[in-house]
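The structure under discussion appears below in the form of structure tokens.
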Amino acid sequence: MVNLSKNIESNVTLTQSAIAGGIAGAVTRAIAQPLDVLKIRFQLQLEPIKKGSKYSSIFQAVCSIIKEEGLTTLWSGHIAAQLLSVSYGTIQFSSYEKLTQICKQTNPQFFNTHKHWVNFSNGAIAASVATVLSYPFDTVRTRLIAEEKTNKAYRGFVNAFINIISKEGSSALYKGIVPTLAQIAPHAGIQFFVYKLFTENILNKIDYFQRRSHITSVIESSIIGNLLAGGIAGVVSKTAIYPFDVIKKRLQIQGFQQHRKFFGKQMYCNGTIHCIKLTISDEGFLALYKGYGPSLLKAVIVSALHFAVYDEIKHFILKNTNLNK
């Protein structure tokens, strides 16, 4: 994130970071939703990804989805996805900022000495909290993306939410939460670690990526630098935890297979370990990386935009707050 001086950073309130995080989540989701749809469709395809299969490449998948289900299908589950992104971004960034402020105030020397590992742990904790609180939106989004548009199970977000609870119980909204938490802590921790490492220790020391803060005389990384650092953070973190994401998506559609017959063979499993075993035994180890292409592209775009937009909004808020004092 932008490298603000200590006295300015301490002025970031919970509300300000929450607003910045929510806006950042909404902006990135609106842009990246089609990539999310592609990623999930690939992850749920049990057949090998090759010529002749339902989805064999990103381009073929896009053409197939538009031809068979319409252009708007690329934004399937967008309302649920927006609610997920806004709530997740709001909780994650505000929690991260609060934890960072507590660490700085409690033991400044320890924070400065172990800053990158503190960023990792704070990012992991903040993301875990945000995930638990926003997870039902993720399940509903996955169901809306996974369903056949010619054999719809739901009439929209509200109908899906109500139907899942009434037919499967409220616990169904948390299907796949175990592999999700197993991936989200290291994923977010790595993201914050890598992003802060590049913006505060590498890119802000290169002339091309530098800019002087309007709030203080501190040299910080430019928006281009923040986008680059966010993209790198997205690649590293997504690659590290990707198999957990595949398993999560497959668990989220259990009990929903009758609305996916159009897409080919369906998997029936009863837990994380069973799902992993079935995936590897039936499809091979590399099946844990199905959809990696569009997912990586999405990770670069989302991570870059999420961090950069958040920092620019936070910087704008801080600048105007200080000017009005």
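The values are calculated or read from the model by the stated rules, or taken from the named source; none is laboratory data. Only a predicted model underlies this, so the values are computations on that prediction, with no experimental measurement involved. Cβ: placed from backbone, ideal geometry, glycine included. Neighbour counts: every protein chain shown.
Can you say whether LEU286 is in contact with a helix residue (DSSP H, G or I) (Cβ under 8 Å, 6 or more places away or on another chain), at pLDDT 85 or above and assigned to a helix (DSSP H, G or I), as far as the supplied structure shows? Here the answer is no, as LEU286 does not meet what is asked. For SER134, the test of being part of a helix (DSSP H, G or I), over 28 Å from TYR96 (Cβ atoms), at pLDDT 90 or above and among the hydroxyl-bearing types (Ser, Thr, Tyr) is failed.
Among the residues of region 54-65, how many are part of a helix (DSSP H, G or I) and either surrounded by fewer than 17 Cβ atoms within 10 Å (Cβ to Cβ) or at pLDDT below 90 (or both)? Number of matching residues: 5. For region 218-241, a residue qualifies if it is surrounded by 17 or more Cβ atoms within 10 Å (Cβ to Cβ) and within 16 Å of GLU200 (Cβ to Cβ), and the qualifying residues are GLU220, SER221, SER222, GLY225, ASN226, LEU227, LEU228, ALA229, GLY230, ILE232, ALA233. Taking the listed residues TYR310, TYR268, the one that is of a type outside the set (Val, Ile, Thr) and surrounded by fewer than 23 Cβ atoms within 10 Å (Cβ to Cβ) is TYR268, with no other qualifying.
Beta carbons closer than 8 Å, at least 6 apart along the sequence or on distinct chains, pair a first residue in region 66-83 that is outside any helix (DSSP H, G or I) with a second that is surrounded by fewer than 22 Cβ atoms within 10 Å (Cβ to Cβ) and among the basic types (Lys, Arg) for GLY70/LYS149; SER76/LYS149. Name the residue that is surrounded by the most Cβ atoms within 10 Å (Cβ to Cβ), counting only residues in region 139-177 that are at pLDDT below 90 and acidic (Asp, Glu). Among those that are at pLDDT below 90 and acidic (Asp, Glu), it is GLU147. Residues in region 107-121: is at least one touching a helix residue (DSSP H, G or I) at 6+ places or on another chain (Cβ under 8 Å), outside any helix (DSSP H, G or I), more than 26 Å from GLY21 (Cα to Cα) and not small (Gly, Ala, Ser)? The answer is no, given that none of the residues of region 107-121 is touching a helix residue (DSSP H, G or I) at 6+ places or on another chain (Cβ under 8 Å), outside any helix (DSSP H, G or I), more than 26 Å from GLY21 (Cα to Cα) and not small (Gly, Ala, Ser). Of everything in region 249-264 that is under 15 Å from PHE42 (Cα atoms) and touching an Asp or Glu at 6+ places or on another chain (Cβ under 6 Å), the residue that is modelled with the highest pLDDT is GLY264.
The number of residues in region 31-53 being surrounded by fewer than 17 Cβ atoms within 10 Å (Cβ to Cβ) and in contact with a His (Cβ under 7 Å, 6 or more places away or on another chain) comes to 0. Taking the criterion of being assigned to a loop (DSSP other than H, G, I, E, B) and in contact (Cβ under 8 Å) with a residue 12 or more places away in the chain, the residues of region 139-186 that qualify are GLU147, GLU148, LYS149, THR150, ASN151, LYS152, ALA153, GLY156, LYS175, GLY176.
Look at (1) in a helix (DSSP H, G or I); (2) exposed (fewer than 13 other Cβ atoms within 10 Å of the Cβ); (3) touching a helix residue (DSSP H, G or I) at 6+ places or on another chain (Cβ under 8 Å); (4) not polar (S, T, N, Q) and you find that ILE273 fails only one, number (3). Of the residues screened, VAL246 is not one that is in a helix (DSSP H, G or I), among the aliphatic types (A, V, I, L, M) and modelled with pLDDT under 90. Going residue by residue through region 62-82, is there one that turns out to be touching a helix residue (DSSP H, G or I) at 6+ places or on another chain (Cβ under 7 Å) and of a type in the set (Lys, Arg)? Looking through region 62-82, none of the residues is touching a helix residue (DSSP H, G or I) at 6+ places or on another chain (Cβ under 7 Å) and of a type in the set (Lys, Arg).
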